[in-house]
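Asker: Sharing a structure with you now.
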Amino acid sequence: MCGGFIFTTSKGTVPANESLNRTINVIVNAYNKKETIKAKEEGRKATLMPYYTMHSTRHTFATTAYRKKMRGLSISATLGHSSEKTTKKIYTHPDLDILKSDMEEAWGV
């Protein structure tokens, strides 16, 4: 049995991704339903929560870690990748603030 995890099943094991994804969907659906009703009552457009999966949190983590200047090899190891190239190519996404900062730094704008 695993220990020290925040989320565990009733048997103390680590939950499967499918189980976590179902739980996320229940939460997102409940929020969106409530927000839709509230927005209608207030005469505004609803601000709905997008659907996502547990796997997408890996992409978020990698992108955020690079943004915070965590070393690529450490990020790859955390995600269980054997190649830093895989992590950078697939799991990180452009950040407009970083792109703007890089352009300003490179071109002195």
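Asker: Of all residues in the range 65-74, which are at pLDDT below 90 and hydroxyl-bearing (Ser, Thr, Tyr)?
Answerer: TYR66
Asker: Looking at (1) under 15 Å from the mean Cα position of the chain (by Cα); (2) without any contact (Cβ under 8 Å) to a residue 12 or more places away in the chain, which is the only condition THR63 fails?
Answerer: Among (1) under 15 Å from the mean Cα position of the chain (by Cα); (2) without any contact (Cβ under 8 Å) to a residue 12 or more places away in the chain, the lone unmet condition for THR63 is (2).
Asker: Can you name the condition, by its number, that LYS69 falls short on among (1) surrounded by fewer than 13 Cβ atoms within 10 Å (Cβ to Cβ); (2) outside the structural domain of ASP95 (by TED's automatic domain parsing)?
Answerer: All conditions are met except number (2).
Asker: Among the listed residues LYS45, LYS33, LYS40, LYS11, identify the single one that is among the basic types (Lys, Arg), outside the structural domain of TYR91 (by TED's automatic domain parsing) and closer than 30 Å to LEU79 by Cα. Give the derivation first.
Answerer: On the way: LYS45 fails: closer than 30 Å to LEU79 by Cα; LYS33 fails: closer than 30 Å to LEU79 by Cα; LYS40 fails: closer than 30 Å to LEU79 by Cα.
Among LYS45, LYS33, LYS40, LYS11, only LYS11 is among the basic types (Lys, Arg), outside the structural domain of TYR91 (by TED's automatic domain parsing) and closer than 30 Å to LEU79 by Cα.
Asker: While we're on this one: Answer with yes or no whether ALA77 is at pLDDT 90 or above, surrounded by 13 or more Cβ atoms within 10 Å (Cβ to Cβ) and in the same structural domain as GLU18 (by TED's automatic domain parsing). Outline the logic, then answer.
Answerer: On the way: at pLDDT 90 or above: yes; surrounded by 13 or more Cβ atoms within 10 Å (Cβ to Cβ): yes; in the same structural domain as GLU18 (by TED's automatic domain parsing): no.
No; evaluated as a whole, the condition is false for this residue.
Asker: Looking only at residues in the range 1-42 that are among the hydrophobic types (A, V, I, L, M, F, W, C) and modelled with pLDDT under 90, which one is nearest to SER56 (Cα to Cα)?
Answerer: Restricting attention to the range 1-42, the residues satisfying the condition of being among the hydrophobic types (A, V, I, L, M, F, W, C) are 1-2, 5-7, 14, 16, 20, 24, 26-28, 30, 37, 39.
With the extra rule that they be modelled with pLDDT under 90, the set shrinks to 1-2, 5-7, 14, 16, 20.
Values: MET1: 26, CYS2: 24, PHE5: 20, ILE6: 19, PHE7: 18, VAL14: 18, ALA16: 15, LEU20: 12 Å.
Only one residue tops the list, namely LEU20.
The values are calculated or read from the model by the stated rules, or taken from the named source; none is laboratory data. Here the structure is a predicted model, which is why all the values come from computation and not from measurement. FYI the Cβ positions are ideal-geometry reconstructions off the backbone, even for glycines, and counts take in every protein chain you see.
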